[in-house]
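Data block below; observations after.
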Amino acid sequence: MDRLANTVRPYAWGSTTAIPQLLGVPPTGEPQAELWMGAHPAAPSRVDRGAGPAPLTEVIAADPEGELGAPAVRRFGPELPFLVKLLAAAAPLSLQVHPDREQARAGHAEEEARGVPLDAPHRTYKDPNHKPEMICALTPFTGLCGFRAPEETAEVMAALDIDSLKPYVDILHAHPEADALRELLTAVLTADRAAMAETVEQAARAAERLSGLGGPHADAYAAYAVLARHHPGDPGVIAAMLLNHVRLQPGEALYLGAGVPHAYLDGLGVEIMATSDNVLRCGLTPKHVDVPELLRVVRFESGPPAVLRPEADPDGEEVYDTPVDDFRLFRHVWAEGAAPRALPATAPQILLCTAGTVRLRATAAPAGRPGADVSLGPGESVFVPAGERVEAAGAGTLFRATVVV
């Protein structure tokens, strides 16, 4: 197995303290939003097999079947199909949605044919892959996910008592669910920006007042006020009112499939996703919003958010079951003195410790790869090639990320 040296991404919305606190290092004073673990070309992890640090991308490219296993290469190609992150949000991320695989392939091909540069601000499809993702909370974690039932959204908006929102309330009452959600999101994103800025300002004041009155939507109103402070005048503040407000407790996870609008608001978690950069933004961002393409990709259906709780197998490994094969996330929680557990060796894995100390022992490795003992503390991780058998023990928490082959 290979200990990973990982890159911190300093996005403006990141916490200055959460990741350093987990790693046990002093904060730098700068935002530390995400710690990436994997082989994404933008910031691949680095490994050292005796010849100095090398990007994991290059190690895999030199021997895809040896690192990933033949079944994974046949299924997903010669690249690690998932990316693991520690994500630490101190401010809201952009309101966004991801395409399914067919939409991504078609959109990528169309933009390639038109010659849109990959780094162009208006480029939507950076690659031909879908981008399902899941966030597992390490601390209390809040976000927005999926459309709330229209009648409940109408109640939330009506309570703000703002004249410019009353036509939106009427739309929610007058049309079938999908039609109402589509018409309302379209109206919000195409409205006159000056008029919408005034609506957002009024909504923020009303939401601040309502958040202090208690009731079932108090947390959501407080979130809208925060959104407006970070993104004054942004139509995404009103679009956010269409979505479920979600609060995860540590150990709970949120799965986000194609077409589901969402935004993370606050908290620290382990995120896992298919390796892709395809994001269509709805708001809460100064970046490009492609309204026609967004409306084509969004799934206009309401329902409760897909909150997952881990299910334990007889050996004590907990799985967060998701409907895609690009990734699967497992969790082990050991008390002091617990028996070691043998981890599966059928596919490539990233192992991440998030609490305590976890000891790893390679009991069998492919030819030419000696076994090794590795001790992981919080925030430390390793890459385990397919076929390498590892035994894990200790007193702590270990996440195991892999693929289904």
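The values are calculated or read from the model by the stated rules, or taken from the named source; none is laboratory data. Bear in mind the structure is a predicted one, so any value in this text is a computation, not a measurement. Reconstructed Cβ throughout: ideal geometry from the backbone, glycine too, with neighbour counts over all protein chains shown. Ligands, DNA and RNA are excluded from the accessible area calculation, which covers all protein heavy atoms including side chains. Shrake-Rupley method; radii C 1.70, N 1.55, O 1.52, S 1.80 Å.
Quick look at the values:
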| quantity | calculated |
| --- | --- |
| Of all residues making up segment 33-62, the number that are open to solvent by 50 Å² or more (accessible area, probe 1.4 Å), in a loop (DSSP other than H, G, I, E, B) and closer than 19 Å to ALA274 by Cα | 2 |
| Matching option when the condition is farther than 30 Å from VAL403 by Cα, touching a strand residue (DSSP E or B) at 6+ places or on another chain (Cβ under 6 Å) and not in a loop (DSSP other than H, G, I, E, B), among LEU185, LEU172, LEU181, LEU189 | LEU181 |
| Residue count, segment 77-93 (criterion: among the small types (Gly, Ala, Ser), open to solvent by less than 30 Å² (accessible area, probe 1.4 Å) and more than 28 Å from GLU293 (Cβ to Cβ)) | 1 |
| Any hit, segment 323-344, residues being assigned to a loop (DSSP other than H, G, I, E, B), of a type in the set (Lys, Arg) and in contact with a Pro (Cβ under 9 Å, 6 or more places away or on another chain) | no |
| Residues within segment 196-235 that are part of a helix (DSSP H, G or I), closer than 23 Å to GLN96 by Cα and not acidic (Asp, Glu), tallied | 18 |
| Only listed residue being touching a residue at least 40 places away in the same chain (Cβ under 8 Å), surrounded by fewer than 19 Cβ atoms within 10 Å (Cβ to Cβ) and under 30 Å from CYS353 (Cα atoms), chosen from ARG299, ARG247 | ARG247 |
| Which listed residue is touching a strand residue (DSSP E or B) at 6+ places or on another chain (Cβ under 6 Å) and open to solvent by 20 Å² or more (accessible area, probe 1.4 Å), from ALA149, ALA195, ALA159 | ALA149 |
| Qualifying residue in segment 94-102 (condition: assigned to a loop (DSSP other than H, G, I, E, B), of a type outside the set (Asp, Glu) and open to solvent by 10 Å² or more (accessible area, probe 1.4 Å)) | yes |
| Unique match (being surrounded by fewer than 17 Cβ atoms within 10 Å (Cβ to Cβ) and closer than 27 Å to LEU398 by Cβ) among GLU30, GLU65 | GLU65 |
| Out of ALA342, ALA393, sole residue that is of a type outside the set (Phe, Trp, Tyr), open to solvent by less than 60 Å² (accessible area, probe 1.4 Å) and touching a strand residue (DSSP E or B) at 6+ places or on another chain (Cβ under 7 Å) | ALA393 |
| Cβ pairs under 7 Å, 6+ apart, first in segment 197-221 and touching a residue at least 24 places away in the same chain (Cβ under 8 Å) and within 11 Å of VAL156 (Cα to Cα), second open to solvent by 30 Å² or more (accessible area, probe 1.4 Å) and β-branched (Val, Ile, Thr) | none |
| Residues of segment 106-136 satisfying the condition of being outside any loop (DSSP other than H, G, I, E, B) and surrounded by 15 or more Cβ atoms within 10 Å (Cβ to Cβ) | GLY107, HIS108, GLU111, GLU133, MET134, ILE135, CYS136 |
| When residues of segment 162-189 are limited to those that are among the β-branched types (Val, Ile, Thr) and touching a Pro at 6+ places or on another chain (Cβ under 9 Å), the one surrounded by the most Cβ atoms within 10 Å (Cβ to Cβ) | VAL188 |
| Criterion (surrounded by fewer than 15 Cβ atoms within 10 Å (Cβ to Cβ), over 23 Å from THR363 (Cβ atoms) and of a type in the set (Lys, Arg)) met by exactly one of ARG9, ARG74 | ARG74 |
| Every residue from segment 311-321 that is crowded, with 17+ Cβ neighbours inside 10 Å and modelled with pLDDT under 95 | GLU317 |
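Conditions tested, residue by residue: (1) under 19 Å from the mean Cα position of the chain (by Cα); (2) open to solvent by 10 Å² or more (accessible area, probe 1.4 Å); (3) of a type outside the set (Phe, Trp, Tyr); (4) at pLDDT 95 or above.
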position	(1), (2), (3), (4)
ASP234	no, yes, yes, yes
GLU271	yes, no, yes, yes
CYS282	yes, no, yes, no
HIS288	no, yes, yes, no
